[in-house]
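Reviewing the structure listed below.
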Amino acid sequence: MSLEEKDYQFGGHTVKISLFKESFLGVSAYVWGPGLALCQYFEAEKFNFTGKKLLELGSGSGIVGILATLLGGDVTLTDKPHVLKQIEYNVSANIPLGSRHRIKISSLVWGTDQKNYPNDFDFILGSDIVYSPIQFPFLLQTLQDLCSSNTVIYLSSDMKYREGSVKFHEELVPEQFNSEVIHRNGSNCIYKVTKKPQSMSTAF
Ligand SMILES: C[S@@+](CC[C@H](N)C(=O)[O-])C[C@H]1O[C@@H](n2cnc3c(N)ncnc32)[C@H](O)[C@@H]1O
């Protein structure tokens, strides 16, 4: 198997990522700009996820979820089933045995599998998962189902080169969630998204 390996440095943490270039993983076999932007943001803002429960959607290489684990979190990395071997490989290369109990890898196909997960996450992470308009309803439903009133969602998206990303973040997400841009890095924007409080008319 041909692996493309590279080390990424975030503050005191080195993350070694191997990409399975011959396994027909398509977009999953890359480390994308929005993922790096989110990692750099966590590093710059000195995030400490100790004691927090996180879920990552569309992990791809696993770089974001792995860094979140190194920053102390209890993290579940998810993607389509055929991508999980690559994530497992990178988790093994980066997470010491003594911390493995804080990281899980499992399949979560948007719009289908989220019902099998709890909705008590402190944080939901998604980097470069907004690029396929046909998936937007499934992605929004997944966020709705996984998100409680205490969950903070961080979405990092490329607003220039990804089809539909402006419509998703500026129109579709605000219809259902509170959403604000908290960081910009070139064409990448990081959004902080939370559940809207239930209105009285729908609460009863
Ligand atoms: C462009 S890659 C981004 C990977 C990584 N988050 C990064 O920033 O480098 C998008 C990821 O979302 C996953 N994905 C796309 N559609 C999905 C779906 N319907 N359900 C679950 N994962 C999906 C892909 O398999 C892929 O790993």
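Summary of values
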quantity: Note, ³J(HN,Hα) from phi for the range 90-102, Karplus 6.51, -1.76, 1.60, rounded to Hz, x at Gly and Pro; calculated: 6, 4, 4, 6, 10, 9, x, 3, x, 10, 4, 5, 9
quantity: Distance from the range 175-190 to the range 45-75 (C-alpha centre basis), Å; calculated: 19
quantity: The chain: relative contact order as a whole-number percent, Cα under 8 Å and 6+ apart; calculated: 17
quantity: Helix 136-146 axis, angle to the chain major axis (alpha carbon atoms, nearest 10°); calculated: 90
quantity: Cα-Cα P(r), the range 1-146, percent of pairs per 10 Å interval; calculated: 12, 44, 36, 8, 0
quantity: Separation of the Asn116 and Lys85 label points, Cα + 7 Å toward Cβ, nm; calculated: 1.9
quantity: Full-extension gain in nm, Ser92 to Tyr161, via 0.36 nm per residue minus C-alpha separation; calculated: 21.6 nm
quantity: The chain, helix-only ellipticity at 222 nm - DSSP H runs n ≥ 4, -39,500 (n - 2.57), divided by all residues, nearest 500; calculated: -6500 deg cm²/dmol
quantity: Ranking of Ser165, Ser23, Ser99 by count of other Cβ atoms within 10 Å, fewest first; calculated: Ser99, Ser23, Ser165
quantity: Cα-based reach from Lys85 at 26 Å (exclusive), listing lysines while leaving out same-chain residues under 8 positions away; calculated: Lys6, Lys16, Lys21, Lys52, Lys53, Lys104, Lys115
quantity: Order of Thr76, Thr194 under a 10 Å beta carbon neighbour criterion, fewest first; calculated: Thr194, Thr76
quantity: Whole-Hz ³J(HN,Hα) from phi, Karplus 6.51 cos²θ - 1.76 cosθ + 1.60, for the range 123-128, glycine and proline x; calculated: 9, 10, 10, x, 10, 6
quantity: Packing-based order for 168-179, 136-147, using average beta carbon neighbours within 10 Å, highest first; calculated: 136-147, 168-179
quantity: Neighbour-count ranking [beta-carbon atoms within 10 angstrom, fewest first] of Thr50, Thr151; calculated: Thr50, Thr151
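FYI, it's all coordinate maths here, none of it is from the lab. Here the structure is a predicted model, which means the values were calculated and not measured. We place every Cβ from the backbone using ideal geometry, glycine too, and count neighbours over all the protein chains shown.
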